[in-house]
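Coordinate-derived values only; no laboratory data. Predicted model, so just to flag it, every value in this text is computed and none were measured. Here Cβ is always computed from backbone atoms with ideal geometry, including for glycine, and neighbour counts include all displayed protein chains.
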Amino acid sequence: MRRLYTWLAILQFAWMNLKRNRMTTGVSSSIIMVVLWLLGCWLQAGHWLEAWLRPYRESFILYVYLMDEAASGQRSVVEQWLRASPLVQTWQFISPAEARRRFIGMFPEFQGLIDSLQTNPLPAHYEVRLAPERVEVQGLRRLVDGLQRLPGVAGVDYQQWWVERLGTLFRVVRWGGLVLGGVLAGMALFTVANVIRLSFFARREEVQILSLLGAHPWHVRLPFYLEGILLGLLGSLMATVLWFLSLQGAHWYLRRLTMAYWSVQVQLPVAYPIAQWILAGGLLLGFLGAVLALWMMRAEGTA
Amino acid sequence: MNGVRAAVIQTFQLGHTYDRRRWLFRDVNLAIEAGDFVFLTGPSGAGKTTFLRLLLRELHPTEGQILVLGQNLRAIPDARLYRIRRQMGFVFQDFRLIPTYTVLENVTLLLRLMGVPPKEQRQRAIRTLQSVGLGGLWRSYPPSLSGGEQQRVAIARAIIHNPKVLLADEPTGNLDPEMSVEIMRIFIRINASGTTVIVATHDDRLIRLVGGKLYAIERERIQLVDQRPINPSLLPVEALG
């Protein structure tokens, strides 16, 4: 029970100090809010992008064309390759007759032309569906190169342009987010650390009194850590609210826009777990900011 | 008090200098016993405050050893220093109260961190404030109090955890003569309850008025120069009985 009262007292010290320094508390929690809000928006944009592009990624089909003279042993080797690749979800063997039937089904106006030919020009091939969550450019290239080198394979065709463009887009989103997030988090960390340092200097005498009265060193230090965590919590709560309101605003605006021009209703799914990330990010930023502040002060010999 | 009393503070070959050229004191060997009322005097800059800071281990002595309540201060790790400080109380000349905390919050500062339940904190604070004559002011903030009242709040803060030793650095330096005597009465009452009191002051009038043991810092030495009983007119009634 005594420990609980001690914790309550420490929490109270930290809270009172935040209240006492309203200006610095407001500025630093606002910076945390902006950082986490941007991060949240970036994550949400990534989520939307992923959701929009999923149907395209799911429709990726790889065509492995076989030579006319390909033996059944060579087909088995191709199938072994397909079975072993983590990128491949399913595949189907299409014989020349099946290919012809499908072609005529799709383009009936060319039936006469096909019938007039002495031989079936359409080769046997495999239609390979890729696992959308695993498709990435480098892996796909490796698979295609490997298949192309197999005996009996005439060629491999895939929507290279699309795959590569999408790959680039995802890379930009991922790395851009990381870089932007890192820079912003660094700024927020530095701000929190400086706010804690200012707070320490403002309370230097109080710290000295507490120490002389016999406060445990952790009782003196903990309020500063808690202050950082509370700043982070405050900033992240504000960021969560702002992020949610921004999503609602974006949703409303896009709906209005798409309804006006294309008479379609756009659905933008909200990724609620992002709110957890924002909150966790705020707490972590606050705590690390306090750790950095106390470390800097110890290195300077001021704490 | 009869018989042998334990020494609460002992120094062995104690010496301190800030610049290695001018020593404040050297080769100091003294023993302050439990229940003593001690004045430490000397001119400004003689080293009175430094001596008290050494006793609190705010500073390490340049030479020698200090034993407080049987523990060698040099041997106590920083993380455990709080244990010895909790057995001591300290009163500053400039009060050092936290202006944004009420009197009650200032007085209970340590109790809160020690995990004392709020109800008990309040009861102990009000009792202690009453003992220094400030029972009704616990809701006030320090800036609204007079110098004498602020010093009494500082004393209440220093004694609320029942320390074995109370150190006071020029506690009457900012007070008028009547209030100084009043503060001394409080110290004598605290001393009568068994706490060893050490007051650093250069106010000869007060020293003559109160009595007790007088140590003086002169020519790099701290020596016992006078020893008289406490002035009975300042003793609390219960101590006289």
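Between A:Arg298 and A:Leu254, how high is the FRET efficiency from 1/(1 + (r/R0)^6) when r is the Cβ-Cβ distance and R₀ = 45 Å? Nearest 0.05.
On the way: r = 51 Å, r/R0 = 1.12.
Using R0 = 45 Å, I get an efficiency of 0.35.
First measure r as the distance between the Cβ atoms of B:Asn72 and A:Trp7, then evaluate 1/(1 + (r/R0)^6) with R0 = 35 Å and state the FRET efficiency to the nearest 0.05. Present the calculation step by step, with values, prior to reporting the outcome.
Values: r = 33 Å, r/R0 = 0.94.
Once rounded, the FRET efficiency stands at 0.60.
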Any idea how far apart A:Arg204 and B:Arg205 come out in nm if each label point goes 7 Å out from Cα toward Cβ?
3.5 nm
Of A:Trp161, A:Trp37, A:Trp7, how do they rank once you tally other Cβ atoms within 10 Å and put the fewest first?
A:Trp161, A:Trp7, A:Trp37
Which of the chymotrypsin sites (Phe, Trp or Tyr not before Pro) found in segment B:125-225 are in a DSSP loop and have at most 14 neighbouring Cβ atoms, other than their own, within 10 Å?
none
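When B:Asp78, B:Asp176 are ordered from fewest to most other Cβ atoms inside 10 Å of their Cβ, what list results?
Details: B:Asp78 8, B:Asp176 12.
Ranking B:Asp78, B:Asp176 by Cβ neighbours within 10 Å, fewest first, gives B:Asp78, B:Asp176.
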Report, as an integer, the average count of C-beta atoms from other chains found within 10 Å of each Cβ along B:101-114.
4
Going from the fewest other Cβ atoms within 10 Å to the most, one would list A:Ile61, A:Ile278 as A:Ile61, A:Ile278
For B:Asp19 and B:Gln87 in the same chain, what is the full-extension length gain: residue separation times 0.36 nm, less their Cα-Cα distance, in nm?
21.4 nm
Against the longest principal axis of chain B, how steep is helix B:118-131, in degrees 0 to 90 to the nearest 10, with axes from Cα atoms?
70 degrees
Name the long-range amide H neighbours of A:Gly155: under 5 Å, sequence gap of 5 or more, or other chain; modelled H, no Pro or chain starts.
A:Tyr65
For A:Lys19 and A:Gln138, what is the calculated FRET efficiency with R₀ set at 51 Å and r taken between the beta-carbons, to the nearest 0.05?
0.40
Which lysines, if any, have their Cα less than 25 Å from the Cα of B:Lys213, not counting same-chain residues under 8 positions apart?
B:Lys48, B:Lys164
Karplus (6.51, -1.76, 1.60) ³J(HN,Hα), θ = phi - 60°, over segment B:138-154, in Hz, Gly and Pro reported as x
5, 8, 6, 9, x, x, 8, 9, 6, x, x, 5, 5, 5, 5, 5, 5
Using Cα springs under 10 Å in a Gaussian network model of chain B, which residue among B:Leu134, B:Leu69, B:Leu113 shows the largest mean-square fluctuation?
B:Leu113
In nm, to one decimal, how far is the A:Arg83 label point from the B:Leu224 one, both placed 7 Å along Cα→Cβ?
10.0 nm
